[in-house]
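The structure is given below, and queries will be raised subsequently.
The values are calculated or read from the model by the stated rules, or taken from the named source; none is laboratory data. As the structure is a prediction and not an experimental result, all values here were calculated from the model. Using ideal geometry, Cβ is built from the backbone for each residue, glycine included, and neighbour counts are taken over all protein chains shown. Accessible surface is based on the protein model in full, side chains and every heavy atom, while ligands, DNA and RNA are left aside. Shrake-Rupley method; radii C 1.70, N 1.55, O 1.52, S 1.80 Å.
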Amino acid sequence: MNGEFVAAMEDVLDLYAEPYDPNRPVVCFDETSTQLLAEVREPLPAQP
């Protein structure tokens, strides 16, 4: 680890510590590969 990495990590942690804002949601991308195998809820029918 170097100072540049630590500074970048502090920026990420500061972002996660901010209060929830529905106009600016925080999206997190995990490094873990995940495959979705089923619907969590009944899907809505398609509309034109």
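Residue separation times 0.36 nm, minus the C-alpha to C-alpha distance between residue 35 and residue 21: what's the value? Provide the component values of the computation, followed by the final result.
On the way: separation 14, 0.36 × 14 = 5.04 nm, distance 2.84 nm.
Here the segment from residue 35 to residue 21 would lengthen by 2.2 nm.
Using a 1.4 angstrom probe with every protein chain in place, what is the largest-first accessible-area order of 15, 36?
Working: 15 75, 36 155 Å².
Descending order: 36, 15.
Which translational diffusion coefficient, to the nearest whole µm²/s, is obtained for the chain from the Stokes-Einstein equation, given a Kirkwood hydrodynamic radius over C-alpha pairs, 37 °C and 0.692 mPa s?
Numbers: Rh = 14.9 Å.
Calculated translational D: 220 µm²/s.
With label points built 7 Å along Cα→Cβ from the Cα atoms of residue 44 and residue 7, find their separation and express it in nm.
4.5
Something else: Output wanted: per-residue J couplings in Hz (rounded whole) for the range 14-25, from phi through Karplus 6.51 cos²θ - 1.76 cosθ + 1.60, θ = phi - 60°, x for Gly and Pro.
Each residue of the range 14-25 in turn: 5, 5, 5, 7, 5, x, 5, 10, x, 7, 9, x Hz.
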